[in-house]
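In what follows, a structure is listed as structure tokens, so that the remarks can point back to it.
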Amino acid sequence: MTGSEGLRSRLMRGAMWLGGARVATNILGFVSTLVLARLLVPADFGLVALATTLLGVLTAMTAISLSDALVQHEQPEKEHFDTSFTLNLARGVLVGAFFAAISVPTAAFFEDARLIELMLVLSLTAVLTGLENPKCALFMRDLIFWQQSVMLVSQKAVALVVSLTIAFLYQSYWALIIGVVLGQAVSVLLSYALLPYRPRFTLSKTRDLFSFSIWLTFCNFITTLNWNFDNLLVGKVLGKTSLGYYSMGNHLAVMPTREVTSPIIGTLFPAFSNLKQAPERLRAAYQRAQSIVTAIALPAGVGMALVADPFVRLAMGEKWLPAVIVIQCLASIFAIQTLASLAHPLAMALGNTKLLFTRDLIAFAYRVPLLVVGLYLGGLEGIVYMRVFTGLISIYFNASIVSRLIEINYWEQLKPNLRTFAGIISMTMAVYAIGVLLPEAVDNIGLAINLAALIGGGAVVHIIVVGFAWNFMGRPVGIEDEALALVQNLLRRTRARFMGPA
């Protein structure tokens, strides 16, 4: 097996492990979200979203991306891991203490005393995060992903059981918080069970790790503040109920795109790192990976947008209908943004994290004022429309980064996705046509039938159109090759099992 084939094989196994974990966590998270949406009210979700957003911003202000530095480092030593543990624990304790200390003034600012207790409990998650095993970075570095998959599924399963139990018994927003804290604790314990490690306090390799991670630290701060500013704005100006609609809509909108592509994207940083000394192979690997990600993300995200209304009515009830417009707009733009979303792992693999910080700083400079304008002109819907607009702008900046790093122009980045575009346009037209022909649903059974018809019809049309386009274009390299090889392999195994070897 050649080096290229060995790397591809490890990537495929890694993607399969992460894919399986994502499917499991998706199901668990999806069930949890829908059940909790039935048991709790939008204001509960808004209150929790406000507290978690504040912690997220504070965490990002101090994040130092040491795990990524360990992955990118060519020869990490014991002192590197000990330094990472020391820095992460110190940061976790300081963040947790500060978050608890500002709970009272924060509650006063947002005029809700419940935030005090929520923030005190959530401060524990910052400390728990600081206790995680830094050697787990070796799993990603060596393209071994089954351990990460186990931690993801276990954490989500614990959070689900705890959250649903509390929700059923008390119908309280505490269901959303306690599940998160206990899930994080399980993740920390598993990190040491899967890879034994005895930490020692030292700061001897701080400069070595910071040489890579410092720009990622700045990136994390700007990006988190950028992408959470809207939550704080909605929570303060429009109130907890509107924030509940917004945060739930955002969560459901990002889920299809994020979850179907994460198994692939999760392997790309270490994969690109392995190819950084071979520019031509890196360029080919990027184009192939990007076309596969977009081919999966576009139909998933746009499909979610097309069926948002019947889905919300069936799964969550009429009380959540204001979240439909959020899902429709954001699911579409999240999907379209994958056209250049791999700029981030590519820049990290090449060690050009300063370029990412510059991009994020520019995004912050135009996104925040535009969101304020959107809120002023159109309230909740105004913010949603501005997020679509700023999302389109971000595609240009990401594509520019890719062009600069590996010298692929904009057309070369766009061309592999043309058949996916054809499939999306056809799918959209088909779903609208089916929607016109379907009778109006008067109960949940009718909604379920209509939803199944829309999803099934749209998926069939998309697959057929993409297949024809692939043949028409001369069967270029892409996800169709992977799908065809998988089907052929399954057919061979089935034939060998039931008919014996040829």
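For the reader, a short list of remarks on this structure follows.
- Ranked packing of 401-411, 352-362, most packed first, by mean Cβ within 10 Å: 352-362, 401-411
- In Å², nearest 10: area of Met386 left accessible to a 1.4 Å probe: 40 Å²
- Of the peptides 464-475, 124-135, 96-107, the ranking by mean beta-carbon count within 10 Å, highest at the top, reads 124-135, 96-107, 464-475.
- In the structure shown, the pairs Lys135/Lys415; Lys156/Lys415; Lys205/Lys276 are assessed against 29 Å; a Cα-Cα span above that value is assigned to Lys135/Lys415; Lys156/Lys415.
- Take the Cβ atoms of Asp481 and Glu318, set R0 to 51 Å, and the FRET efficiency comes out at 0.70.
- Contact order relative to length of the stretch 322-468, as percent, for alpha carbon pairs under 8 angstrom and 6 or more apart: 23 percent
- With DNA, RNA and ligands ignored, accessible area of His344 (1.4 Å probe; Å², nearest 10): 60 Å²
- Each peptide in 108-118, 432-442, 310-320, 47-57 gets a packing score, the mean of other Cβ atoms within 10 Å over its residues, and the list from highest to lowest is 47-57, 310-320, 108-118, 432-442.
- Estimated Rh, the stretch 386-473: Kirkwood, alpha-carbon pairs, angstrom: 15.7 Å
- Look at the dipole of the stretch 363-470 built from charges on Cβ: of Ile383, Ala365, Ile424, the Cα furthest out on the positive end belongs to Ala365.
- The stretch 357-391 versus the stretch 82-127: alpha-carbon centroid distance in Å: 28 Å
- Note on the stretch 353-502: Rg/Rh from Cα positions, Kirkwood definition for Rh, rounded to two decimals, is 1.12.
- Rounded to whole Å, sorted largest first: equivalent-ellipsoid semi-axes of the stretch 342-416, Cα gyration tensor: 28, 15, 8
- All-pairs alpha carbon distance profile, the stretch 237-341, 5 Å steps from 0, percent: 2, 13, 20, 17, 14, 11, 8, 6, 4, 3, 1, 0
The values are calculated or read from the model by the stated rules, or taken from the named source; none is laboratory data. Just so it is clear, the model here is predicted, and its values are computed rather than measured. Glycine also receives a Cβ, built like all others from the backbone with ideal geometry; neighbour counts cover every protein chain displayed. What goes into the accessible areas is simple: the full protein's heavy atoms, side chains included, and nothing from ligands, DNA or RNA. Shrake-Rupley method; radii C 1.70, N 1.55, O 1.52, S 1.80 Å.
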